[in-house]
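Asker: Let me give you the structure first, and then I'll get to my questions.
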Amino acid sequence: MRGELHYDAVVIGGGTAGMVAGARLAEGGARVCVLAKGVGSTHLAPGTIDVLGYAPERVTAPLVALGDLVAARPDHPYALLGADAVVESARWLQARVESGPLPGYRYVGDLERNHLFPTAVGALRPSALVPETMAHGDGESLERMCVVGTRALRDFHPALCAANLGREGIAARWVEAEIEVDKADQNALGLARRFDDPAWRAAFAGRLALKLQADESVGLPAMLGIRDPHGAWADLEHRLGRPVFEIPTLPPSVPGMRLYEILRAALRGAGGRLVLGAEVVSAQRAGSRVTSVATRAAGHDAAYAAPWFVHAAGGLGSGAIELDSDWVTHDRVLGLPLRGVPGPDEPRFLPDYRAEQPMSRVGVAVDAQLRAEGAENVLVAGAALPGAISWREGSGEGIALASGSRAAQLVLSAGGAHAEAA
Amino acid sequence: MATLSTDVLVIGGGATGAGVAWDASLRGYDVVLVDRADLAEGTSGRFHGLLHSGGRYAVKDPDAARECIHENRILRKIAADCVEDIGGFFVTTPYDDPAYADKFANGCRDTGVDCEEIEPAVALREEPRLNPGISRVFRVPDANIDVWKTVWALARGAQQRGARILPYHAVVAIHRSGDVITGARVRGHATGEELDIEARVTVNASGAWAGQIADMAGIEGVRVLPGRGIMIAMNHRMVNTCINRCQMPTDGDIIVPMRTVCIIGTTDEHTEDPDDHHVPPNEVDRMLDDGEKLVPGFRQARALRVWTGVRPLFEDAKASDTQTRDVTRAHALLDHAERDGVQGFVTITGGKLTTFRLMAEDTMTAVSRHMGDERPCTTKTEPLPGSEDGATYMLGERLERKEKNLVDEQIICECELVPRWKLEESIRRRATTNLDDIRRLLRLGMGPCQGGFCIYRATGILHGLDGLSAEQADKSLLEFLEERWKGTWPILYGDQLRQARLDEWIFQGVLDVEHLPLSLPEAVAT
């Protein structure tokens with residue numbers, strides 16, 4: 001142990017919620033450190049900002065539906081956060097995207113109305129805000145389109161995508177573009193790096209243009225650049241003379257990685273620190289307060305002390321909450337009490353794949369101020385919160401943004417007093 | 001209605017039925033084989049993969065032990081490509097009666113099962129994860145056998161000699177004319193069309209379902225006592241040798257390393273219904289606890305999948321209905337001409353996978369006698385397609401091939417290293433749209449991610465190859481996800497639960513497969 005490092009706040013978790021909390025704390029003047037076992041949800045999710053897509057019917061007006069959801073499910077995170085917090089945090093994010101490290105890149109749309117965007121299998125999926133690089137995929141305005149894939153990318157199958165979109169009433173055809181690769185197992189990230197190169201892009205566009213018909217938009221897998229996506233996308237639209245859009249596919253998610261870069265730049269730009277590979281392995285407590293957490297990172301252990309902690313380490317998906325082989329569910333990060341765990345005689349999972357699984361809503365128990373039960377200086381954000389089935393609801397980013405922001409505000413408004421007291 | 005005519009109709013496409021088809025075609029008979037589902041989809045495909053040395057039966061059932069070692073030696077040669085020569089240990093753990101070890105050694109000697117006692121320290125050097133408290137260790141020639149590969153090799157071998165293999169054709173009636181069985185009517189699963197098959201002899205090789213088929217033939221009293229057992233695949237080879245508890249055979253006493261995983265088995269519960277596949281939670285716990293006795297830390301490893309197999313066991317006067325393990329594992333060949341005065345019909349059931357070839361030989365020897373030409377059996381020496389060079393399978397074959405083809409060979413399933421060309425070839429050859437059929441053939445989606453990454457890819461490839469409609473492709477994808485869930489939900493804990501959650505993110509979140517047009521009319525309750 002190299003002695004304790006002291007911060008005003010320590011955020012545990014490097015997904016969207018943790019990065020938002022960290023960045024906003026730093027912007028508010030707190031000395032903040034984000035501890036992350038690894039990169040989080042951003043690299044897995046499509047990179048869209050989904051507030052509420054299904055409740056359980058497809059949602060058109062997410063803020064309105066959010067109000068209905070809260071009335072029906074008072075245990076849902078949105079019941080604690082409210083629509084205003086979602087709106088405010090989404091505005092904050094849009095501003096950070098526009099002032100961020102990817103020149104010209106922005107998110108478009110608004111929270112009043114979802115639009116439908118094609119997935120790689122050709123389903124239409126509702127999102128509120130999407131990167132500009134996806135915006136022209138809006139299923140309601142799409143008339144004629146061509147899905148472009150490449151055999152080099154096994155994670156995107158344009159024929160299947162086009163055929164399913166056809167069943168949705170969109171006149172979609174598909175073509176394959178030739179891309180030469182130096183190894184057969186490419187993913188979208190490897191190809192995205194090539195789209196950052198203007199010369200390579202120009203050659204690609206030249207070959208593709210020959211295969212396109214007049215008046216059709218072009219949908220490509222989400223791989224149009226990682227450092228300069230705005231440049232890559234705008235250049236392709238210009239060269240092909242038509243709307244071009246990205247379609248999200250299997251992880252690693254290129255648009256998600258862009259979002260991560262933007263959030264990381266916001267955190268660091270405001271003076272915050274990010275430690276990757278730092279899994280929290282234990283916590284020191286004094287009564288009902290957590291005083292420090294210890295991490296085990298390559299080479300050495302370290303301890304981080306702070307008057308405030310934000311638990312944004314995720315739920316069962318990240319491993320922050322674990323169901324062990326003796327069927328005990330616990331918070332592996334801080335050992336906090338959980339909510340939503342089925343009783344010992346109740347089923348944890350049901351045989352029907354499509355049923356709501358009893359384990360789906362497990363999270364760290366909190367009060368109305370996101371304060372963890374039994375730990376007065378720990379606030380909980382993101383997928384660690386109980387009550388949501390975000391992958392089915394399409395609510396992950398809305399909850400992450402609003403709860404990360406709320407946690408930061410709560411620390412900033414209360415933290416000074418605690419820091420002085422300490 | 002279409003009609004086929006053949007010498008031998010085989011009902012049941014497990015190892016026994018496919019073995020009968022292979023044996024019959026080698027003897028020069030014309031064969032049709034039917035199964036209500038895919039080949040080796042029933043009991044054969046639902047076991048732990050152990051090619052017995054015979055050690056397990058050396059004390060309790062010496063005849064079965066003799067049969068096992070005899071067949072073990074043959075299958076290593078004729079089905080070499082399907083067999084991995086992992087070897088086996090029988091170990092006396094602190095939980096076992098130490099007196100059994102000497103009985104075991106004597107039993108092996110008496111039955112001819114090769115058996116060498118080695119020092120526990122030697123065994124622990126070879127298998128460092130074994131319980132360090134083991135007191136005695138015997139080395140035996142256990143192996144593992146890839147049953148899907150074996151059954152398809154048998155079927156392909158038979159096909160090359162003219163046999164017609166019809167998976168997904170369920171028997172709807174057995175044709176009987178007086179005291180002669182003349183064939184059967186089957187219905188195709190895909191088309192719903194019926195087909196009459198006329199046969200000189202009909203072989204009922206339907207295993208745990210043999211009683212049901214015999215009933216359809218109007219033959220009474222063929223009673224198969226189904227014994228249901230669960231098996232759990234763990235996400236890597238915690239051991240590289242087959243590990244058996246050195247004790248009287250009981251539950252949870254075998255761990256079989258199989259390809260990239262290892263499998264623990266099994267329980268044994270009486271059931272009335274051979275289609276009973278439910279997995280009781282207490283049996284999962286028992287299996288994990290038993291694993292812990294052989295390999296400490298077993299419970300901390302990741303369980304990938306659980307399944308049940310139903311053994312076809314004949315009733316025996318000595319056994320009660322609730323203790324199926326005491327019923328003989330030896331096979332039963334019922335010649336219904338002798339037994340019931342019904343010509344043209346034989347039933348083969350019971351037995352174990354290791355002895356399927358012998359069961360097929362006995363069956364076809366009886367059938368051949370009925371045909372009046374007594375043609376000799378050649379399955380002892382004739383290699384199956386793919387096993388001509390006699391080289392047993394080596395773990396690492398797939399990786400070795402991949403490393404030679406880094407630029408050209410696209411891998412679709414990383415867990416099991418299934419390349420795209422192999423997937424495309426298999427889809428074409430099988431002419432199937434069922435991704436679960438492909439899974440059994442190639443092990444696609446059988447690794448840690450349970451299809452999380454490869455099944456979207458495979459669906460895209462399936463759709464692109466066959467001119468399959470998107471609706472059918474979507475159906476294949478969704479059916480695979482539902483089928484996978486059946487085998488995973490009872491063992492979701494630890495990292496495998498994380499994996500399941502990631503897979504849910506991919507399919508329900510990123511791809512939104514539950515809202516593909518028209519495929520799932522009912523909304524998901526939240």
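Asker: With the calculation restricted to Cα positions, what are the radius of gyration and Dmax of chain B in angstrom?
Answerer: Calculated on Cα positions, Rg and Dmax stand at 23.0, 67 Å.
Asker: Continuing with the same structure: Evaluated at 10 °C with a viscosity of 1.306 mPa s, what Stokes-Einstein diffusion coefficient in µm²/s does the stretch A:113-253 have when Rh comes from the Kirkwood expression over alpha-carbon pairs?
Answerer: 107 µm²/s
Asker: If you count, for every residue in A:352-364, the Cβ atoms of partner chains within 10 Å of its Cβ, what is the mean?
Answerer: For peptide A:352-364, the averaged partner shielding equals 4.
Asker: Using the Kyte-Doolittle scale, which helices in chain A average at least -1.0 and also have C-alpha atoms spread 27 Å or more along the helix axis, with helices defined as whole DSSP H runs?
Answerer: For chain A, where a helix must reach 27 Å along its axis and average at least -1.0, the hits are A:77-98, A:396-421.
Asker: For B:Glu119 and B:Asp85, compute 0.36 nm times the residue count separating them, minus their Cα-Cα distance, and round to one decimal in nm.
Answerer: Residue separation times 0.36 nm, minus the Cα-Cα distance, leaves 10.1 nm.
Asker: Any of B:Lys60/B:Lys293; B:Lys60/B:Lys380; A:Lys183/B:Lys77; B:Lys149/B:Lys404; A:Lys211/B:Lys402; B:Lys352/B:Lys486 with alpha carbons more than 30 Å apart? Name them for me.
Answerer: A:Lys183/B:Lys77; A:Lys211/B:Lys402
Asker: In peptide A:115-124, what is the residue-averaged number of other protein chain Cβ atoms found within 10 Å of each Cβ?
Answerer: Partner Cβ neighbours, averaged per residue: 5.
Asker: Can I ask one more? Picking from A:Ser99, A:Ser141, A:Ser127, which is most flexible by a Gaussian network model of chain A using Cα springs under 10 Å?
Answerer: Comparing A:Ser99, A:Ser141, A:Ser127 in a Gaussian network model of chain A, the most mobile one is A:Ser141.
Asker: What spacing in nm lies between the two simple spin-label points modelled at A:Arg332 and A:Asp352, each 7 Å away from Cα in the Cβ direction?
Answerer: Going by the 7 Å Cα→Cβ label model, 3.2 nm.
Asker: Another question, if that's okay. Once a ≥ b ≥ c are taken as the square roots of the eigenvalues of the Cα gyration tensor of the stretch A:94-192, is the result rounded (a/c under 1.5), prolate (a/b larger than b/c) or oblate (a/b not larger than b/c)?
Answerer: It comes out oblate by the Cα gyration axes.
Asker: Looking only at chain A, where both bridge partners belong to it, what percent of the DSSP beta bridges are antiparallel (to the nearest 5)?
Answerer: Of those bridges, close to 50 percent are antiparallel.
Asker: Related question: Would you mind telling me which residue in A:Gly139, A:Gly53, A:Gly398 has the biggest mean-square fluctuation in a Gaussian network model of chain A, where springs connect alpha carbons within a distance under 10 angstrom?
Answerer: A:Gly139
Asker: If you don't mind, another one. Would you kindly compute the Cα radius of gyration of the protein assembly as shown and its largest Cα-Cα separation (Dmax), both in Å?
Answerer: When restricted to Cα atoms, the protein assembly as shown yields Rg and Dmax of 30.8, 102 Å.
Asker: Give the peptides B:288-297, A:307-316 in descending order of average Cβ contacts within 10 Å, highest first.
Answerer: Packing proxy ranking, top to bottom: A:307-316, B:288-297.
Asker: Can you classify the stretch B:75-126 as rounded, prolate or oblate using the Cα gyration tensor, where a ≥ b ≥ c are the square roots of its eigenvalues, rounded means a/c under 1.5, and otherwise it's prolate if a/b beats b/c and oblate if not?
Answerer: oblate
Asker: Next question, about the same structure. Could the peptides B:38-46, B:304-312 be put in order, highest first, of the mean number of other beta-carbon atoms found within 10 Å of their residues?
Answerer: B:38-46, B:304-312
Asker: While we're on this one: Based on the mean of other Cβ atoms within 10 Å per residue, sort peptides A:21-33, A:65-77, A:233-245 so the most packed one is first.
Answerer: Going from most to least packed, we get A:21-33, A:233-245, A:65-77.
Asker: Out of all DSSP beta bridges with both ends in the stretch A:113-253, state the antiparallel percent to the nearest 5.
Answerer: Roughly 20 percent of the beta bridges in the stretch A:113-253 run antiparallel, per DSSP.
Asker: Also, I was wondering about something else. Mind checking which of A:Ser288, A:Ser395, A:Ser405 has the largest fluctuation in a GNM of chain A, springs on alpha carbons under 10 Å?
Answerer: A:Ser288
Asker: Averaged over peptide A:158-164, how many Cβ atoms belonging to another chain are found within 10 Å of each residue's Cβ?
Answerer: 6
Asker: Oh, and also: Restricting to chain B, compute how many DSSP beta bridges are antiparallel as a %, nearest 5.
Answerer: 70 percent
Asker: Okay, helix-only estimate at 222 nm for the protein assembly as shown: each DSSP H run of n ≥ 4 adds -39500 (n - 2.57), divide by all residues, round to 500 deg cm²/dmol; what do you get?
Answerer: Here the helix-only value at 222 nm equals -10000 deg cm²/dmol.
Only the coordinates and a few stated rules stand behind these numbers; no lab work does. These numbers were taken from a predicted model, which means no experiment stands behind them. Positions of Cβ are backbone-derived with ideal geometry, glycine not excepted, and every protein chain shown enters the neighbour counts.
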